[in-house]
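The structure appears right after this line, and notes come after that.
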Amino acid sequence: MKKLFLVVMLLGLAVATSYGQYNGECWVVSKGDTVYKLYADGNADPQFIPNLPQATAAEVNPADGVVWIAVSAANTVYRYNPNASPNSDDFFKEFSDITRPNQIAINPADGSAWIAGRDAVKKISPAKDAETGEVIWQIAATIPAHEPAVAVNPRDGSAWITNARGPIARYDAAGNKVADAPPMGEPKGVTVDYEGNAWIADSQHSVLMRVSANGQKLVEITDILNPTSPHINVTDGSVWVVSQQSMLMNLGPDGGKRAEFLAGMAIVAISVSPTDGGIWIADLLGETFQGEISKWTAGGQQEFKNPIPQPSSVSVGHWSGN
């Protein structure tokens, strides 16, 4: 990994002044205190964001390269726009009214972000001030849920939200419930396709379920042990999922297995690139037992690896056409 260095100080954090649009880079949370950007070839950008108290997720918007960062210990989410001038109001924004944020879903169609916290999911959206015309970011919806996960569909702005102790439901762009899914024991992972169909993972009870946009059960799989981090490949409708923190599996929309291979030692997160179908993997241990990021082809070939310390989150902007 290239040597990294601090560039700019802002709001008590160090922020890189990296300009240019999004080109398939992977954003990574490392050790809970640093966010790295890796280029499409796996090499690290020499600029990074350190000194984050318990960062849990970083999610990139593939439409413009803006990155949202959840910092659980500070009950805060940051919106970092590397394309804006460091002196502008749009360069770095802070949203502090979110309890223990730990997961983010981006809608590239309008730039909004759905943030999953400990007890609710909150949607943060841009709106124009009627008098000044300036963009104002505000909390547009709040959906109570215990330890939720969220996935948003940019086609209609709706979002599926899981609840570890309650109902699983789909909400429209305004936060109104429009569908319920069958109950699960302790769902903590969800991904959605362009038609609104969702895959939901319950690792504790080894259940993986696919539901339609109206909540009808389409597929239920109970022979994949401890499924985590479901991630749809929007270009072909298949879903990638991790089993027992080591096996990477690809399933068709009907649940049929397309591929299965050993891809790590302690996989904690994956992200799928719509550009080439490659799977980026955050492995808490890796070959050095210190942690690494790797990228694999759909056929099970490792393209490269980078020894990022204790990675916990990866994001490559998985929506196609942005």
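Just so it is clear, none of the values below were taken in a lab; they were calculated from the coordinates. Being a predicted model, the structure only gives us computed values, none of them experimental. Cβ sites come from the backbone with ideal geometry, for glycine too, and all protein chains shown count toward neighbours.
Observations on the structure shown:
- Net charge dipole, the stretch 73-154: roughly 300 debye, given to the nearest 20, about the Cα centre with Cβ charges of +1 for Lys and Arg and -1 for Asp and Glu.
- Over all directions, the projected convex hull of the C-alpha atoms in the stretch 267-322 averages 3.7 nm² in area.
- A DSSP coil position with no more than 12 other Cβ atoms inside 10 Å describes the following trypsin sites (Lys or Arg not before Pro) in the stretch 99-207: Arg165.
- Equivalent ellipsoid semi-axes - Cα gyration tensor, the chain, angstrom: 28, 25, 17
- Working value for the stretch 82-196: equivalent-ellipsoid semi-axes of 27, 15, 12 Å, each the square root of 5 times a Cα gyration tensor eigenvalue, largest first.
- When you restrict to C-alpha pairs under 8 Å that are six or more residues apart and normalise by the size of the chain, the relative contact order lands at 12 percent.
- With all pairs of separate Cα atoms included, the stretch 42-135 yields a Kirkwood hydrodynamic radius of 14.1 Å.
- Semi-axes of the equivalent ellipsoid for the stretch 181-272, computed as √(5λ) from the eigenvalues of its C-alpha gyration tensor and ordered from largest down, come to 19, 15, 11 Å.
- Using only side-chain charges placed at the Cβ, +1 for Lys and Arg and -1 for Asp and Glu, the dipole size of the stretch 202-284 relative to its Cα centre rounds to 100 debye.
- Distance from the stretch 54-124 to the stretch 180-195 (C-alpha centre basis), Å: 22
- Within the chain, longest stretch clear of exposed GluC sites (Glu not before Pro) (DSSP loop, no more than 14 other Cβ within 10 Å): 1-130
- Dipole magnitude (debye, nearest 20) for the chain, charges at Cβ of Lys, Arg, Asp, Glu: 400
- Lys pairs under 21 Å by Cα in the chain, provided they are eight or more residues apart or on distinct chains: 26
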